[in-house]
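A.B. asks: Quick one: structure below, then a few questions.
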Amino acid sequence: MSTRALVVDDDPANCELIKEVLHSVDIDSLALTHSGQAVTFLAREKFDAIFLDVNMPAPNGIELTRKIRSGGLNASTPIMVITGEDERALLAKAFEAGANFFLYKPVARHDILRLVRATTDSIEHEKRRFRRVKVSCNVVVQSGDTQLKGSTLDMSFGGMFVQVSGVLPVGAVAQVTLHVPSGPPLSLLARVLRVAGADSMGMQFESLTPAQAKGLQEFLLPVIAAKTV
């Protein structure tokens, strides 16, 4: 599974430089110079790393960071903020919003490479968490008085795509029961991120307890290992 990054900077030269350096280390990237476009892509596409300029027309990098951390596909994706030397006071606000790392302007090739090397573990962890594998097990989705039954089409440590007897609205949170073949049923909370047709939904797991995370891992790790042999 290839690594994909999002780069958002209203300076086209910075965008091209970061994109070129990432490409040199086999990281594909989408580079945007209009921050408003980023909101759309972040809502529908999963990225393994995100580079955001702090000082942009609204939404600026801090506003985008807050939006990303509020939920959705990229809520835990590593975020690198780009800031000028005279904007150091903004770094505290950026980290408070949820940023993980930073780059100072003028952005230099060796600084980007150093940051990529330093964040490799975080990026790889995020990729593994969202690696989807085709796996089918019976599932029950309960939201209020609505109960939907069906099966999973694919799953990851971060969520699943299900085909069930109906759909819930995007943003709805439901209690999900997964009837895994390798042990007792797993009961988890999941939020609807997207709806496909009248019977399919993409859902993200939320607020997993250590026991729930362990149960999910015990089920999925053998499946992932078998798919990669």
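Each value in this text was obtained by applying a stated rule to the coordinates, not by laboratory testing. From a predicted model like this one, the values you see are computed outputs, not experimental measurements. Because the Cβ atoms are built from the backbone with ideal geometry, glycine has one as well, and the counts that use them run over all protein chains shown.
A.B. asks: What percent does the relative contact order of the range 133-228 come to when contacts are Cα pairs within less than 8 Å and at least six residues apart? Don't jump to the answer; show the numbers that get you there.
C.D. replies: Working: 203 pairs, mean separation 23.9, N = 96.
Over the range 133-228, the number comes to 25 percent.
A.B. asks: Separate question: I'd like the projected area of the range 141-189, averaged over all directions, using the convex hull of its alpha carbons. Report it in nm² with one decimal.
C.D. replies: Values: hull surface 14.6 nm².
Averaged projected area of the range 141-189's Cα convex hull equals 3.7 nm².
A.B. asks: At 7 Å along Cα-to-Cβ for each site, give me the label-to-label distance between residue 195 and residue 114 in nm.
C.D. replies: So the two model labels end up 5.0 nm from each other.
A.B. asks: Only bridges with both residues in the chain count here: give the DSSP antiparallel percent, nearest 5. Walk me through the intermediate numbers first.
C.D. replies: Details: 36 of 55 bridges.
So the antiparallel bridges amount to about 65 percent of the total.
A.B. asks: Of all chymotrypsin sites (Phe, Trp or Tyr not before Pro) in the range 1-78, which ones are in loop regions per DSSP and have a Cβ with at most 16 other Cβ atoms within 10 Å? List each step's numbers first, then the result.
C.D. replies: Working: sites: 41, 47, 51; in loops: 47.
Those that pass, being in a loop and sparsely packed, number zero.
A.B. asks: Relative contact order for the range 3-129: what percent, with Cα pairs under 8 Å and sequence separation of 6 or more?
C.D. replies: Numbers: 205 pairs, mean separation 30.1, N = 127.
It comes to 24 percent, rounded to a whole number.
A.B. asks: Mark the label point 7 Å from the Cα of residue 75 along Cα→Cβ and return the residues of the range 160-189 whose backbone N is within less than 18 Å of it.
C.D. replies: In the range 160-189, the label zone of residue 75 (backbone N under 18 Å from the point 7 Å along Cα→Cβ) covers 160-162, 168-177, 187-189.
A.B. asks: Would you pull out the residues with amide H under 5 Å of residue 102's amide H, same chain only if 5 or more places away, H placed 1.01 Å from N?
C.D. replies: For residue 102, the qualifying residues are 81.
A.B. asks: With springs only between Cα atoms under 10 Å, which of 108, 174, 211 fluctuates most in a Gaussian network model of the chain?
C.D. replies: 211
A.B. asks: Sticking with this structure for a sec: Using a basic spin-label model with each label point 7 Å from the Cα along Cα→Cβ, how many nm lie between residue 133 and residue 207?
C.D. replies: Those two pseudo-labels are separated by 2.9 nm.
A.B. asks: A further question follows. Determine the calculated [θ] at 222 nm for the chain from helices alone, applying -39500 (n - 2.57) to every DSSP H run no shorter than 4 residues and normalising by the residue count; nearest 500 deg cm²/dmol.
C.D. replies: Numbers: 6 runs with 81 residues, N = 229.
It lands at -11500 deg cm²/dmol.
A.B. asks: Among the aspartates and glutamates, which fall within straight-line cross-link reach of residue 105, defined as a Cα-Cα distance under 15 Å, with same-chain neighbours fewer than 8 residues apart omitted?
C.D. replies: Answer for residue 105, where 15 Å is the Cα cut-off: 9, 10, 11, 16, 53, 85, 86, 87, listed by chain and number.
A.B. asks: Taking the Cα centre of each part, how many Å lie between the range 40-113 and the range 176-229?
C.D. replies: 29
A.B. asks: Amide H to amide H, which residues 5 or more places from residue 159 or on other chains are under 5 Å from it, using H placed in the peptide plane?
C.D. replies: 205
A.B. asks: Taking square-rooted eigenvalues a ≥ b ≥ c of the alpha carbon gyration tensor, is the range 14-72 rounded, prolate or oblate, where a/c under 1.5 means rounded and, failing that, a/b exceeding b/c means prolate? Provide the component values of the computation, followed by the final result.
C.D. replies: On the way: a/c = 2.12, a/b = 1.41, b/c = 1.51.
The shape class here is oblate.
A.B. asks: Still on this model: Over the chain, what relative contact order in percent results from Cα pairs under 8 Å that are six or more residues apart? List each step's numbers first, then the result.
C.D. replies: Numbers: 431 pairs, mean separation 28.1, N = 229.
Relative contact order, the chain: 12 percent.
A.B. asks: Classify the range 3-129 as rounded, prolate or oblate, taking a ≥ b ≥ c as the square roots of the eigenvalues of its Cα gyration tensor: rounded when a/c is under 1.5, otherwise prolate if a/b is larger than b/c and oblate if not. List each step's numbers first, then the result.
C.D. replies: Values: a/c = 1.26, a/b = 1.03, b/c = 1.23.
Rounded, because the longest to shortest axis ratio a/c is under 1.5.
A.B. asks: Now, a different point. Quick one: if the Förster radius is 25 Å, what FRET efficiency do residue 122 and residue 58 give, using the C-beta to C-beta distance and rounding to 0.05? Could the numbers behind the result be given before it?
C.D. replies: Numbers: r = 28 Å, r/R0 = 1.11.
So, using R0 = 25 Å, E works out to roughly 0.35.
A.B. asks: With r as the distance between the Cβ atoms of residue 91 and residue 16 and R0 = 30 Å, compute the FRET efficiency 1/(1 + (r/R0)^6) and round to 0.05.
C.D. replies: On the way: r = 24 Å, r/R0 = 0.81.
Efficiency computed from Cβ-Cβ geometry: 0.75.
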